[in-house]
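Take a look at the structure set out below.
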Amino acid sequence: METWKLVSLVAVIVVLGIGGAGAFFALSFFAEAEPAVLDEFSGTVQITRGTEAITAAQGLVLQQGDSVKTGEGSATILLFGGSIIRLDKETEVVLTELDGEAGNVRVTLASGEIWNRVVRASDDPNLERVAKVSGLRSYSVEMADAVATVRGTGFGCSARGPPSVSVAHGSVGFRQRAATVETPVVRQTAVLRNSRVETTPLVETPWITKNLAADKSFDQRLLREIRGKYGVLIKYVKQTYGWTDADIDKAILDYLSSGGGSIKDVSSICERVGEAVVVGERRGNC
């Protein structure tokens, strides 16, 4: 790894502190991932690209406009390495927009039920300029006459009956497609009936419980992959700044489980990176 890049990464971590470190490791990892990949599936999964039928296979790279449809089984789509869509049985989704440069994802739920677990990028442009990281800026699910928009959360969407969302973590804006004002949904279920959004307290169904448990397992998998990718950098940070494995694991898992979000106190990042480059080169650590 180039000297400037390694020291910049360390500088970003030091300036941002524990929370920022989790963001840095996660977002840097996600930035190099494919926009969409068929991660796991069971039973028959039909993938359509235009008029062509594509054979389903684990690791298959999906493209904007692809349709993914399950039969009696299920499927998981991995977005940009960190966000996921889980399809229940007899469910069809279309990847309507996959804009990696802008970090925008738009999904159309044609039928069935999905679970969405979204990790978004930092709101701070300094982090991206210095660390060259990226992530999801926006994520929305379109259902019949309804739209659900989110920036970091875990929630289910159902097209089995009136369009609905069930939000377990974070906040989702839910509205009729023609409306301009969203209804915020937090730990609630929202249903679109007769052009109106009706909300009730969230009831944790078996589907929600199953997916929350799967999210935790997925976070542990990501943690292992991130640790493997940044092993040298993690060792350097531990030796130089006295961090423990537990500190680093907590930083990454906190960021993932919270759905990402804002990073605090980055006003002096550019100056600190310059200082760190000089110090790092003098120490011969890079």
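The values are calculated or read from the model by the stated rules, or taken from the named source; none is laboratory data. Note that the coordinates shown come from a computational prediction; the quantities given were computed from them, not determined experimentally. For neighbour counting, all protein chains shown are included, and Cβ atoms are generated from backbone atoms with ideal geometry for every residue, glycine included. Please note that ligands, DNA and RNA were not included when accessible areas were found on the heavy atoms of the full protein model with its side chains. Shrake-Rupley method; radii C 1.70, N 1.55, O 1.52, S 1.80 Å.
Would you check the accessible area of residue 189, probe 1.4 Å, heavy atoms only, in square angstrom rounded to 10?
Around 30 Å² of this residue is reachable by solvent.
Using a 1.4 angstrom probe with every protein chain in place, what is the largest-first accessible-area order of 171, 28? Intermediate results must be reported in sequence, preceding the final value.
Values: 171 55, 28 10 Å².
Ranked from most to least accessible, the order is 171, 28.
From the residues 231, 181, 167, which one has its Cα farthest along the dipole of segment 138-232 in the positive direction, the dipole being from +1 and -1 charges on Cβ of Lys/Arg and Asp/Glu about the Cα centre?
231
Longer than 29 Å from Cα to Cα, which of 210/250; 89/216; 210/235 are they? Say none if no pair is. Provide the component values of the computation, followed by the final result.
Numbers: 210/250 23 Å; 89/216 22 Å; 210/235 35 Å.
Where the Cα-Cα span goes over 29 Å, the pairs concerned are 210/235.
At 1.4 Å probe size, what's the solvent-accessible area of residue 243? Round to the nearest 10 Å².
50
Tell me whether segment 151-205 comes out rounded, prolate or oblate; compute the Cα gyration tensor, take square roots of the eigenvalues as a ≥ b ≥ c, and use a/c under 1.5 as the rounded threshold.
oblate
Please give the solvent-accessible surface of residue 52 in Å², to the nearest 10, using a probe radius of 1.4 Å with every protein chain present.
100
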